[in-house]
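All remarks here apply to the structure that follows.
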Amino acid sequence: MYIKKISLINFRNYGRIELDVGPSVNIIYGNNAQGKTNLIEAVNVCACISSHRTSKDRDLIKFGEKEYITELLLHDDEYDTDTSISASFYTEESEDNPNSTAKRELKHDGIAVDKISEYMGICNTVIFAPEDLNLVKGAPASRRKFLNMLISKVSPTYYDALNRTNRIINQKNASLKSFRGDIKKADDNVLDFWDFSLADLSAEMIMYRYRFTELLSRKASSHHSVISDGKEILRIAYSTIGGAVELLERSFSSEEELHMFIAGTLSEAIYARIKGILSEYILSKLKASRRYDVEKGISMSGIHRDDLDIKLDGLSMKNYSSQGQQRSAALSLKLAELQIIKDFTRSAPILLLDDVFSELDSGRRVSLLSGMKDAQIFITCTDREYIENELAKFLMTDIDPVFFKVTSGSCVREE
Ligand SMILES: Nc1ncnc2c1ncn2[C@@H]1O[C@H](COP(=O)(O)OP(=O)(O)O)[C@@H](O)[C@H]1O
Ligand SMILES: [Mg+2]
């Protein structure tokens, strides 16, 4: 799958543009603050409805406008056909009107798609950007978003479960807020109802997240080993409701069963049995936390607080690592993401490299480019000549990059 055309209306500093892009390497160059990242961001937003820079769709609408529209015309190699996807967002929200309603619209071949899970995965992208460092040194929310996005790209049922979980947690929090500080006022029937639904969904989510963290850890670890010349060992562990991971691991009757689970070949009956054990445990944990939750007026325990524990040679990277190690670990995680998407979808995702290429040393560049042989790539940079020379060293093939010059919200293809 590759992009043939990018069309944008009122996205960030772009008014209206239509760009015919090349099937392999596309280089977007120009001075700072002209719109290079905005273009890459637009592609990512259209493909997976998520920006690497903001969680607020409002920020993506051109100042003074009410709606952005992004559209990608795609070519599907497998069936040799074209298909299009489009994501738009409309709101009248402003400083004076903060609670205005908002409307998102997704389309596939011009037809509205109601469920995001049916839209995700039509076109997969993986973005490498300076913000990736947050995976290692940022707040848990960055790592949760990373894991959620990765699993959603390869498994629509996960996305639906995630959505349902978030909705229930919000509803439960609204109840807790109304009972806040007064355990006598707390309605156990209401809270039981939320906890019961949450326990079942959380068990499913924990099994997904555990499995994908294991896959990530293995793949990221082997990338990191190459990047660090075999000197450092990177490991990623899934962290959730206390005791749940240990219980999950204990619930497999053999190592082989655990391996089958991670490989996705476990039988449905065993899966359901283990999910049942986990669900019961989570329910007991949620109930045990009820008094505290009511006191605070918010859910203190649950998978909405999950995290990934990233360790280098056994030490947590957040506290004990250099900038260089953090960069390598972040790159290894992203390369692992790329590989998992490739393995699951059996096709190369589109790669978006925002401002990362010039910052990498040659070892990391080789690692990055070796995973990208048949993919369509978009690279942003400030200096056309520099990137041309550097790429020539790494892309030994006859690939002809296409160049685009960006100047204050206009983007022009150069022949
Ligand atoms: N919602 C928006 N509406 C209009 N302009 C925006 C919006 N968001 C960001 N910008 C402008 O986009 C420019 C930055 O673009 P960006 O793509 O990040 O630059 P770069 O070319 O350095 O990657 C800035 O001038 C900023 O003011
Ligand atoms: Mg930029």
Extension gain, SER197 back to LEU133 (0.36 nm per residue minus Cα-Cα distance, nm): 19.5 nm
Restricting segment 52-94 to trypsin sites (Lys or Arg not before Pro) in coil, as DSSP defines it, with at most 12 other Cβ within 10 Å: LYS56
Loop sites in segment 69-116: trypsin sites (Lys or Arg not before Pro), DSSP, at most 14 other Cβ within 10 Å: LYS115
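Take the eigenvalues of the Cα gyration tensor for segment 98-172, scale each by 5, and report the square roots as semi-axes in whole Å, largest first. Numbers along the way, then the final one.
On the way: eigenvalues 107, 70, 42 Å².
They are 23, 19, 15 Å, listed from largest to smallest.
Determine the gain in length on full extension of the stretch GLU95-GLU280; use 0.36 nm per residue of separation and subtract their C-alpha separation, reporting nm with one decimal. Kindly include the intermediate steps, with their values, before the conclusion.
Numbers: separation 185, 0.36 × 185 = 66.60 nm, distance 4.57 nm.
Gain on extension, GLU95 to GLU280, equals 62.0 nm.
Can you pull out the trypsin sites (Lys or Arg not before Pro) in segment 355-415 that DSSP calls coil and that have at most 15 other Cβ atoms within 10 Å? All intermediate terms of the calculation are to be shown ahead of the outcome.
Working: sites: ARG364, ARG365, LYS373, ARG384, LYS393, LYS405, ARG413; in loops: LYS373.
Here the trypsin sites (Lys or Arg not before Pro) that fit, given the DSSP loop and packing criteria, are LYS373.
Using a 1.4 angstrom probe on the protein heavy atoms only, line up TYR292, TYR386, TYR210 by accessible area, largest first. Each step should come with its number before you reach the end.
Numbers: TYR292 110, TYR386 85, TYR210 10 Å².
Descending order: TYR292, TYR386, TYR210.
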Rounded FRET efficiency, nearest 0.05, which uses the C-beta distance separating ASN189 from GLN323 and R0 of 56 Å: 0.60
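In the chain, carbon and sulfur make up what percent of the accessible area (probe 1.4 Å)?
Values: 9540 of 19850 Å².
Answer for the chain is 48 percent, counting heavy atoms of protein chains only.
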Fluctuation leader among LEU335, LEU247, LEU353 - the chain, Gaussian network, Cα springs under 10 angstrom: LEU247
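Listed here are the pairs LYS5/LYS405; LYS153/LYS334; LYS56/LYS334; which of them are more than 18 Å apart at the Cα? Write down the numbers at each step before the final one.
Details: LYS5/LYS405 16 Å; LYS153/LYS334 14 Å; LYS56/LYS334 23 Å.
Violating the 18 Å Cα-Cα cut-off are LYS56/LYS334.
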Segment 29-134: relative contact order in percent, alpha carbon pairs under 8 Å with at least 6 residues between: 23 percent
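Any idea what the relative contact order of the chain is, in percent, if you count C-alpha pairs under 8 Å spaced at least 6 apart? Provide the component values of the computation, followed by the final result.
Details: 706 pairs, mean separation 104.2, N = 415.
Once normalised by length, the contact order is 25 percent.
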Ratio Rg/Rh, restricted to segment 166-250 and using Cα atoms, in which Rh is the Kirkwood radius: 1.21
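Hey, what's the chain come to in accessible area per residue, 1.4 Å probe, Å²? Show your work: numbers first, answer last.
Numbers: 19850 Å² over 415 residues.
Roughly 48 Å² per residue, with all protein chains present.
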Within a Gaussian network of the chain (alpha carbon springs, distance under 10 Å), most fluctuating of SER197, SER221, SER254: SER254
Euclidean distance of C-alpha centroids, segment 1-18 and segment 337-415, integer Å: 19 Å
Which listed pairs, of LYS107/LYS145; LYS172/LYS342; LYS36/LYS103, have C-alpha distances above 32 Å, in listed order: LYS172/LYS342
Candidates ILE379, ILE303, ILE399: whichever shows maximal mean-square fluctuation once the chain is modelled as a Gaussian network with Cα springs under 10 Å: ILE399
For segment 298-304, 3J(HN,Hα) per residue [Karplus equation, 6.51 cos²θ - 1.76 cosθ + 1.60, θ = phi - 60°, Hz, x = Gly/Pro]: 7, 5, 8, 10, x, 6, 5
Spacing of the two label points (7 Å from each Cα toward its C-beta) at GLU249 and ASN170, in nm: 3.5 nm
Euclidean distance between Cα centres, segment 234-252 to segment 83-136, Å: 32 Å
Segment 328-415: equivalent-ellipsoid semi-axes (sqrt of 5 x gyration tensor eigenvalues, Cα, Å): 23, 15, 14
Segment 104-171, relative contact order in percent, only Cα pairs under 8 angstrom and at least six apart counted: 28 percent
Dipole of segment 313-381, positive end: most advanced residue of GLN323, LEU338, THR380 [Cβ charges, Cα centre]: LEU338
Whole-angstrom Cα spans of the chain along principal axes, big to small: 71, 56, 43
Label point distance in nm, ILE233-ASN389, each placed 7 Å from Cα along Cα→Cβ: 4.2 nm
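Taking 0.36 nm per intervening residue step and subtracting the Cα-Cα distance, what contour gain separates ASP160 from THR83 on full extension?
Values: separation 77, 0.36 × 77 = 27.72 nm, distance 2.41 nm.
Between ASP160 and THR83, full extension yields an extra 25.3 nm.
The values are calculated or read from the model by the stated rules, or taken from the named source; none is laboratory data. None of these values were measured; they are calculated from a predicted model. As a convention, Cβ positions derive from the backbone with ideal geometry for all residues, glycine included, and neighbour counts pool all protein chains shown. Each accessible area value is taken on the protein alone, full model and side chains, heavy atoms only, with ligands, DNA and RNA left out. Shrake-Rupley method; radii C 1.70, N 1.55, O 1.52, S 1.80 Å.
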